[in-house]
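Read the figures in this text as sums done on the coordinates, not as results from a lab. Given the structure is predicted, the values throughout are model-derived calculations rather than measurements. Here the Cβ is made from the backbone with ideal geometry for all residues, glycine too, and neighbour counts use every protein chain on show.
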Amino acid sequence: MPDRRSVRLTCTLNGRRLSLDAHPMARLLDVLRQQAGLTGTKEGCGEGECGACSVLLNGRLANSCLTPFAHADRATIVTIEGIASGDDLHAVQEAFLECGGAQCGICTPGIVLAAVDLLERTPHPTEHDVRAALAGNLCRCTGYMRIFDSVLEACRRLSASRA
Amino acid sequence: MSTSLDGFDLVTPASLEEALGLLASDPAARPFAGGTDLMVQLEAGRLRAGRYVNLWDLAELRGITESPESVAVGALTTYTDIRNADVLAREYPLLVRAAEETGGTATQNRGTIGGNIANASPAADTPPALLVYDAELELRSTAGTRRVPYTAFHTAYKQMILAPGEIISRIRLPRRTGWLDYYRKVGPRRAQAISKVCFAGSIAMSGDTVADVRIALGSVAPFVVRAVQAESVLRGKSINDEAIAAAERALRSEVAPIDDLRSTAEYRLRVASNLLREFLSHSQ
Ligand code: FES
Ligand code: FES
């Protein structure tokens with residue numbers, strides 16, 4: 001019978017290489033918040049329904065509540081703490097501030113990551129694309145319209161900065 | 001807060017060989033892929049303790065390969081991979097539709113087709129499409145490889161013919177032409193919802209008679225079912241009100257929906273019938 005055990009794994013977290021120790025089946029969410037001290041990643045439902053725990057795992061959006069620590073081995077992970085560069089907010093973050101895309105803020109880290117992921121893959125999304133990309137993220141405060149506005153505003157800012 | 005992990009282990013083999021060896025040496029060990037189902041069960045305290053074998057990094061179980069007879073989809077192919085595969089969009093559009101309708105982006109990036117089959121949920125979205133396409137599963141263990149038709153795979157609620165130590169390695173879809181496909185999932189909300197009824201159909205017409213037809217449904221029986229009686233009622237007929245009514249009667253006799261928190265048996269039966277009618281009217 002296997003007993004309580006932890007493994008040491010190395011990953012690149014927000015651009016820094018580091019080693020972490022945890023049970024291989026521990027939720028990446030808990031390892032990030034407790035071991036790595038990165039509490040920007042939130043827990044909403046703990047069952048893959050709300051997206052509050054979203055991170056980028058090897059460049060793809062993932063729910064960290066459903067990701068076992070074992071899958072962080074040699075992975076590149078970006079959490080909400082890795083989205084701004086220093087004091088310079090990402091265009092998505094600025095747009096959320098400007099358009100009132102956040103209220104209580106619990107869903108915001110996950111939604112910002114889902115939006116960043118969308119804009120990296122689809123630089124000129126339609127409103128339908130935005131809605132589809134955020135279908136895995138629940139918000140109990142905003143009613144979503146300002147979130148969709150924020151993402152489209154971020155897209156305008158990014159296009160303007162590229163031009 | 002995360003549940004206790006006492007008694008759980010997740011080991012990461014370096015190769016498929018090693019993974020199959022681990023599964024053979026511990027009959028209670030279970031495979032672990034993207035985690036989108038098992039981690040939910042773990043958190044809910046419903047996952048059996050013991051050893052899990054992490055298949056996620058095994059390249060042998062990934063990828064989509066084409067031969068003149070079939071297209072083989074590795075068991076670890078994610079919903080996102082399915083959505084991005086041109087050959088599937090061209091020849092097996094129902095599978096792509098099902099992948100699009102399963103969860104949000106984050107789930108689609110991590111959930112695998114093999115996991116969706118092995119989790120054996122009667123409400124899973126991809127299995128009806130696989131039934132319609134006459135999918136064949138390739139199963140592997142240290143004893144070797146065998147192939148079984150997917151129609152024979154599920155035997156009762158959450159029961160399947162996987163032997164201890166055996167995993168699903170590949171899903172083989174025979175190539176086909178001349179079929180018209182139909183898919184519709186009915187749920188409480190378009191995205192990220194578990195279906196109340198999921199319907200997949202495919203029909204090949206010869207003039208105005210039905211040369212062949214496949215009908216499969218999710219969420220209307222203890223496991224995903226192919227409606228073989230409705231199919232045989234339709235074969236050789238032309239599609240008119242009489243044929244549609246006969247097919248509906250056959251369908252109602254071979255599904256066994258239940259009342260649960262997502263819907264009622266009566267509603268599901270009605271929706272299943274209506275979807276069959278819509279499918280057949282589209283094919284006229
Ligand atoms: S906390 Fe992970 S999806 Fe809700
Ligand atoms: S701002 Fe409160 S849940 Fe979205």
Name the residue farthest towards the positive end of the dipole of region B:180-282 from the options B:Ala246, B:Leu180, B:Ser232, assuming +1 on Cβ of Lys and Arg, -1 on Cβ of Asp and Glu, about the Cα centre. B:Leu180
For region A:12-115, give the magnitude of the charge dipole about the Cα centre (Cβ charges: +1 Lys/Arg, -1 Asp/Glu; no others), in debye to the nearest 20. 320 debye
A student asked for the Cα radius of gyration and Dmax of region A:7-82 in angstrom ought to give 10.8, 30
Hull-based mean projected area of region B:59-174, where the convex hull spans the alpha carbons, in square nanometres: 6.9 nm²
Would you please report the Å³ per residue occupied by the convex hull of the alpha carbon atoms in region B:137-284? 131 Å³
For chain B, with only Lys/Arg (+1) and Asp/Glu (-1) charged at the beta-carbon, what is the dipole magnitude about the Cα centre, in debye rounded to 20? 500 debye
Could you work out the relative contact order of region A:91-162, using alpha carbon pairs under 8 angstrom and six or more residues apart, expressed as a whole percent? 52 percent
Mean-square fluctuation check for chain A, GNM, Cα pairs under 10 Å: which of A:Gln34, A:Gln93, A:Gln103 is largest? A:Gln34
What distance in nm separates the two pseudo spin-label positions at B:Thr209 and B:Glu242, each 7 Å out from Cα along the beta-carbon direction? 1.4 nm
Viscosity 1.306 mPa s, temperature 10 °C: Stokes-Einstein D of region A:91-162 from its Kirkwood Cα radius, in µm² per second? 135 µm²/s
Rounding to the nearest 10 and keeping the result within 0 to 90°, find how far the Cα-based axis of helix A:145-162 lies from the longest principal axis of chain A. 80 degrees
Selection from B:Ile117, B:Leu162, B:Thr107 lying farthest towards where the dipole of region B:59-174 points positive, charges on Cβ: B:Leu162
Most fluctuating of B:Arg226, B:Arg172, B:Arg235 in the GNM of chain B (C-alpha, under 10 Å) is B:Arg235
Over chain B - Rg/Rh using Cα atoms and the Kirkwood inverse-distance radius: 0.98
How large is the dipole of region A:91-162 about the Cα centre if only Lys and Arg carry +1 and Asp and Glu carry -1, each at its Cβ, rounded to the nearest 20 debye? 40 debye
Report ³J(HN,Hα) in whole Hz for each residue of region A:84-92, in order, from the Karplus equation J = 6.51 cos²θ - 1.76 cosθ + 1.60 where θ = phi - 60°; Gly and Pro get x. 6, 9, x, 8, 8, 5, 5, 3, 5
Choice from B:Arg184, B:Arg147, B:Arg90 showing the highest fluctuation, given a GNM over chain B with Cα pairs closer than 10 Å: B:Arg90
How big, in percent, is the set of alpha carbon pairs in the protein assembly as shown lying more than 28 Å apart? 54 percent
Top positive-direction residue, dipole computed over chain B with Cβ charges, set B:Ser15, B:Thr151, B:Val210: B:Val210
Check: C-alpha center region A:71-100 vs C-alpha center region B:24-46, spacing in Å is 32 Å
Measuring from label point to label point, each 7 Å out along Cα→Cβ, what is the A:Thr126 to A:Glu94 span in nm? 2.8 nm
Span from the region B:212-245 Cα centroid across to the region B:100-129 one, whole angstrom: 23 Å
